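The values are calculated or read from the model by the stated rules, or taken from the named source; none is laboratory data. Just so it is clear, the structure is predicted and the values come from calculations on it, not from any experiment. We place every Cβ from the backbone using ideal geometry, glycine too, and count neighbours over all the protein chains shown.
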Amino acid sequence: MAFDTYMQFKFAGTSPTGTPYLKGESQVQVKSDTPLGTDIQAGFVFEIDDFNFDIEQVLNIGSQSSGAGAGKVTFNPFTITRKTDRASPTLFTMCCSGQHFESVSLYIRRAGGGGSTSSGMTSGWTFLRFDFALVAVKTISWSGSDGDESPKEEVAFEYGALQARYVQQNADGSPMTSGDNQTMGSWNRVYNNNSFSLSGIKAT
């Protein structure tokens, strides 16, 4: 079954737009709810075409280490591709100024399932969520050709901590609420431990 991908951006400190979250144009409402968070209202949701990120660990496997010895993990950039919209100038400005987001959330849901929102739109439940802390825009680029619906924008982010959460789903797409249905993992590259909070730390 296909899946849909959405994002939400939370500003750190004073917001340049006057709201805690970056404003978008999508009227989709993302039903996250427990156990993966609260619903995201229309106007603060960003639909993306694709995403890519990975982490890399340097391992020392040999007899002297009696197994696999690990170094400090590397968080490679988190890259997304999306259509340009009202948030594009803000992302561009943040890349130039070095201002960072407090957090960025990536929500992944099945293309079906879930209930109806107050607006009458059907919204699937989130089954996989990634949260990034201390997020700065590393690069931003635009591309397009004659006849395209909209120019495309590729944005790469650097981040200080990552948390991954997954919840099993019932046949109708709703999250399981009983049993051991949720798994979670997090890592903080600033402190090199499994915490997620980076409150008070600034991107440099």
Exercise for the section: Considering every residue within region 19-27, establish whether at least one is of a type in the set (Lys, Arg), assigned to a loop (DSSP other than H, G, I, E, B), closer than 21 Å to residue 138 by Cα and at pLDDT 90 or above. Expected result: yes
Fill in the blank from the handout: Counted residues in region 124-144 being buried (at least 16 other Cβ atoms within 10 Å of the Cβ) and within 15 Å of residue 96 (Cα to Cα) come to 4
Exercise for the section: Could you grab me the full set of residues in region 160-172 that are surrounded by fewer than 18 Cβ atoms within 10 Å (Cβ to Cβ) and of a type in the set (Gly, Ala, Ser)? Expected result: 164, 171
Exercise for the section: Give region 76-106 a look and list any residue that's surrounded by fewer than 20 Cβ atoms within 10 Å (Cβ to Cβ) and of a type in the set (S, T, N, Q), or say none. Expected result: 76, 79, 81, 84, 88, 90, 93, 97, 99
Handout entry: Unmet requirement for residue 119, which otherwise passes all of (1) closer than 30 Å to residue 181 by Cβ; (2) among the polar types (S, T, N, Q); (3) at pLDDT 90 or above
Key = (3)
Practice task
From 142, 187, grab the single residue that is among the aromatic types (Phe, Trp, Tyr), in a strand (DSSP E or B), in contact (Cβ under 8 Å) with a residue 12 or more places away in the chain and over 21 Å from residue 47 (Cα atoms).
Solution key: 187
Handout entry: Selected residue (criterion: surrounded by the most Cβ atoms within 10 Å (Cβ to Cβ)) from residues of region 145-159 that are of a type outside the set (S, T, N, Q) and either on the phi > 0 side of the Ramachandran plot or without any contact (Cβ under 8 Å) to a residue 60 or more places away in the chain (or both)
Key = 148
Completion exercise
Within region 142-160, the residues that are closer than 21 Å to residue 105 by Cα and out of contact with any Lys or Arg (no Cβ under 7 Å at 6 or more places or on another chain) are 154, 155, 159
